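Right, one structure below, let's go through it.
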Amino acid sequence: MASRSVNKVILVGHLGRDAETKFTPGGTGVTKFSVATSRRWKDKDSGEWKEETDWSNITFWRGENVAPYLLKGTQVYVEGRLHTRSYEDKDGKKVYATDVVAEDVILLGGRGAQGGAGSSAGEFSQERGPVSMPRSAQRTQAPQQHAPADDFGQGITDDDVPF
């Protein structure tokens, strides 16, 4: 058996409801929302297009600063881990629930066809408020900009292009 394991989830979908934030007795914010992800395929027997939607419950700790932007219909990128918990319902029956505990949430755009919740994308992570790219991809210094050659070193001119 392998000594390492991976518990990683990446979702890109639309919010099914506005995010709700509550606070623990210690004052830590817990933002919860649901994300719908869909897949389409063509039925090989009927030739019809079919669609299936899955709903995932998301828990984002210390995400109270992003909650006002997480509105129903907004497209988001969520990266995190699966967490399964159990509890007893009102009839005393044991119930299991699996949620995604988000580490990064990135707003991908507006609210689909319903209009805009903002046109610029933004990312929110637990450690540092809004940033422009995932923490793993952040650069320590700006890359050097080189002026691109028009012919890409090929000696091609506009006269060589057939259209």
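The values are calculated or read from the model by the stated rules, or taken from the named source; none is laboratory data. Being a predicted model, the structure only gives us computed values, none of them experimental. For neighbour counting, all protein chains shown are included, and Cβ atoms are generated from backbone atoms with ideal geometry for every residue, glycine included.
Picking from residues in region 41-71 that are loosely packed, with under 10 Cβ neighbours inside 10 Å and touching a residue at least 12 places away in the same chain (Cβ under 8 Å), the one that is nearest to LYS8 (Cα to Cα) is GLU52.
A count restricted to region 75-102 and to residues that are acidic (Asp, Glu), in contact with an Asp or Glu (Cβ under 8 Å, 6 or more places away or on another chain) and farther than 16 Å from ASN7 by Cβ stands at 0.
Go through region 8-54 and count every residue that is within 18 Å of GLU103 (Cα to Cα), basic (Lys, Arg) and either under 17 Å from the mean Cα position of the chain (by Cα) or part of a loop (DSSP other than H, G, I, E, B) (or both). Counting residues in region 8-54 that are within 18 Å of GLU103 (Cα to Cα), basic (Lys, Arg) and either under 17 Å from the mean Cα position of the chain (by Cα) or part of a loop (DSSP other than H, G, I, E, B) (or both) gives 2. Counting the residues of region 72-86 that are out of contact with any helix residue (DSSP H, G or I) (no Cβ under 7 Å at 6 or more places or on another chain), surrounded by 13 or more Cβ atoms within 10 Å (Cβ to Cβ) and either at pLDDT below 95 or not in a strand (DSSP E or B) (or both) gives 2. Return a yes/no flag: does region 58-68 have any residue that is of a type in the set (Asp, Glu) and either touching a Ser or Thr at 6+ places or on another chain (Cβ under 6 Å) or closer than 19 Å to ALA97 by Cα (or both). Yes, region 58-68 contains at least one residue that is of a type in the set (Asp, Glu) and either touching a Ser or Thr at 6+ places or on another chain (Cβ under 6 Å) or closer than 19 Å to ALA97 by Cα (or both).
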